[in-house]
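Worksheet: one structure, shown below.
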């Protein structure tokens, strides 16, 4: 099979693109200094190695002089061919200073869900997982509250771990959590309204693979009842932010946000209800973007190559 590469001046010819429906699909995600020739080099390799591109997005950031690209392509599920493709990509990657990865789209990310008392995001993610909307495997659910707190939720066969946190146990429990992440081969940690702050060491260890969700009032309205504070101030927009966790509390690179307009007739409790709705879908969308390899770190911000 060959990729048809269009010639911008209309010269030459190309073989027709055969159907690739029966072959596995892969994602090539890359970032590099923004240099001329990257796209040509990558697409030429895929063409020569008989890969069929089915989707491609790219972005060059003039501010940071970085280039980002995500390519979906079909390819033979053959270990030798994949190894040869990877070696050729590695050569190009070295030449352009690329950070890159190739991932089988059939391989599901393993995620670990951390939650405290508020369970609306947890329940939503379990529903999306069970219906197949969120193509992941849930490695474990971890909470600083006991299982009885979630007695109304069906976890099925998902392991549940109670890790109570106090000032005296925080460091030891982080070591337990680190070990659990390693033992379960977790790819992504999701703080689904987990009301505990990681240490700088833990945040650094999980850099680029830990997503948090919170209301968008920070840093203006902090504390236990931000929606009530917002109501007292007469805010007109509420929202939620999903971001990667860093040592800077709630200031990591943002992946997704959502907002909803409100008015003076909305009570504080209605703000809470609407805020929880936004938190649910913003977190789910951020997770999906991550596992589909659409998110690229770009300094203190992100590039999200959406479909």
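We did not get these values from a lab; they are worked out from the coordinates using the rules stated. Just so it is clear, the structure is predicted and the values come from calculations on it, not from any experiment. No Cβ is skipped: glycine too gets one built from the backbone with ideal geometry, and neighbour counts run over all protein chains shown.
Which part of the stretch 266-305 falls in the paramagnetic zone of residue 56, meaning amide N under 20 Å from the point 7 Å along Cα-to-beta-carbon?
Zone members listed by number: 293-296, 304-305.
P(r) of the stretch 72-226 in 5 Å steps, Cα pairs, percent per bin?
The percentages, shortest bin first, are 2, 7, 14, 17, 16, 14, 11, 8, 7, 4, 2, 0.
In degrees between 0 and 90, to the nearest 10, how far off the longest principal axis of the chain does helix 120-130 point, with axes built from Cα atoms?
For 120-130 against the chain, the angle is about 40 degrees.
Taking the mean number of other Cβ atoms within 10 Å as a proxy for protection, how do you rank 261-272, 26-37 from highest to lowest?
Numbers: 261-272: 12.8, 26-37: 17.0.
Put in order of decreasing packing, that is 26-37, 261-272.
Apply the Debye scattering formula to the chain, with a single equal point scatterer on each alpha-carbon and no solvent, then give log10 I(q)/I(0) at q = 0.11, 0.12, 0.15 Å⁻¹.
-0.78, -0.90, -1.23
For the stretch 61-93 and the stretch 121-174, write down the distance between their C-alpha centroids in whole Å.
So the two Cα centres are separated by 35 Å.
In deg cm²/dmol and to the nearest 500, what is the mean residue ellipticity at 222 nm of the chain if only DSSP H runs of at least 4 residues count, each as -39500 (n - 2.57), divided by the residue total? Mind dumping the intermediate values first?
Numbers: 7 runs with 92 residues, N = 307.
Estimated from H runs of four or more residues: -9500 deg cm²/dmol.
Residue separation times 0.36 nm, minus the C-alpha to C-alpha distance between residue 108 and residue 185: what's the value? Mind showing how you got there, number by number?
On the way: separation 77, 0.36 × 77 = 27.72 nm, distance 1.18 nm.
This chain segment gains 26.5 nm when fully extended.
By how many nm would the segment from residue 35 to residue 64 grow when fully extended, if each residue of separation counts as 0.36 nm and the alpha-carbon distance is taken off?
Values: separation 29, 0.36 × 29 = 10.44 nm, distance 1.24 nm.
Additional length available on full extension: 9.2 nm.
Residue 158 to residue 80: extension gain in nm, 0.36 nm per residue of separation minus the Cα-Cα distance?
24.5 nm
Testing the spin-label approximation: label points 7 Å from Cα along Cα→Cβ at residue 25 and residue 270. State their distance in nm.
That separation, rounded to one decimal, is 4.2 nm.
How far is helix 268-291 tilted, in degrees, relative to the longest principal axis of the Cα atoms in the chain, given as a value from 0 to 90 rounded to the nearest 10?
30
Which percent, nearest 5, of DSSP beta bridges in the chain are antiparallel? Present the calculation step by step, with values, prior to reporting the outcome.
Numbers: 40 of 57 bridges.
Counting only bridges with both partners in the chain, antiparallel ones make up about 70 percent.
Testing the spin-label approximation: label points 7 Å from Cα along Cα→Cβ at residue 199 and residue 149. State their distance in nm.
Distance between the two pseudo-spin positions: 2.1 nm.
Taking Cα atoms, how many degrees apart are the long axis of helix 170-183 and the longest axis of the chain, rounded to 10 and kept between 0 and 90?
So the inclination is approximately 30 degrees.
Evaluate the relative contact order of the stretch 25-104 (contact order divided by residue number), counting alpha-carbon pairs under 8 angstrom at least 6 apart; express in whole percent.
Numbers: 123 pairs, mean separation 38.6, N = 80.
About 48 percent, as a whole number.
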